[in-house]
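Beneath this line is the structure, given in structure tokens, with notes to follow.
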Amino acid sequence: MNKLPTNKIWWWLATWFGSGLAPKASGTAGSLAALPFAWIVQYYCGNGGLLIATVFIFLIGWWASNEYMKYYPEKHDPKQIVVDEVAGMWLLLWLAVAPDGRVGLDYGTFVFYLICFSMFRLFDALKPWPISIADRKIKGGFGVMFDDILAAVYPIIIIVAIYLLADTVCPISMKIFIDGDHGFDEKDWCGNVF
């Protein structure tokens, strides 16, 4: 193995500013490191900005992963590469956070980010079909990035299904959960009293 040139931009992107160097659970470290960046983009630019950032990070991550793997030709997906976790987390947050696409420093945002993070890590670790096939069969930087995009799809389906079900059964409950707004009489909440 050749010595990695840590002064290159692709190294910093592939390891997501060094978070992929965590001695254990580098994917978890990379996923956590993705959250503050996602929050900043969503806070200032909304979900549209996060979608653009997700596409950009996928493309730039594809390139950075290819460059990084030149130093690990024997490995399909070196654990230090975590930019794929960043793209997966951002895709999930783009589709699963508040409908208006804005986030804040509030309970609802924190809970959504925590749920998204936990579900993404679960599916990224378990790699159910077709993630497992993509992980084994698709090589290079694209393969590194693509299996984490697929890992975001399962939580997206689950969260959207829960959202639709909860909104159908109790429309006000999702408003409370998303933005913590209690600007109504508590007795109106699905006919229950807190």
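The values are calculated or read from the model by the stated rules, or taken from the named source; none is laboratory data. Computed from a predicted structure; not experimentally measured. Every residue, glycine as well, gets a Cβ built from its backbone with ideal geometry; the counts of neighbours run over all protein chains shown. Remember, those area values only see protein heavy atoms, side chains included, never the ligands or the DNA or RNA. Shrake-Rupley method; radii C 1.70, N 1.55, O 1.52, S 1.80 Å.
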Those residues that are open to solvent by 20 Å² or more (accessible area, probe 1.4 Å), under 17 Å from Ala53 (Cβ atoms) and not in a helix (DSSP H, G or I), I need them from region 4-21; list them, please. Phe17
I need the full set of residues from region 61-79 which are touching a Leu at 6+ places or on another chain (Cβ under 6 Å) and not small (Gly, Ala, Ser), in order please. Tyr71
Could you grab the pairs with beta carbons closer than 6 Å, sequence gap of 6+ or different chains, first residue in region 95-111 and open to solvent by less than 20 Å² (accessible area, probe 1.4 Å), second one modelled with pLDDT under 80 and small (Gly, Ala, Ser)? Gly108/Gly180
Answer with yes or no whether Ile172 is touching a Gly at 6+ places or on another chain (Cβ under 9 Å), at pLDDT below 90, open to solvent by less than 80 Å² (accessible area, probe 1.4 Å) and among the aliphatic types (A, V, I, L, M). no
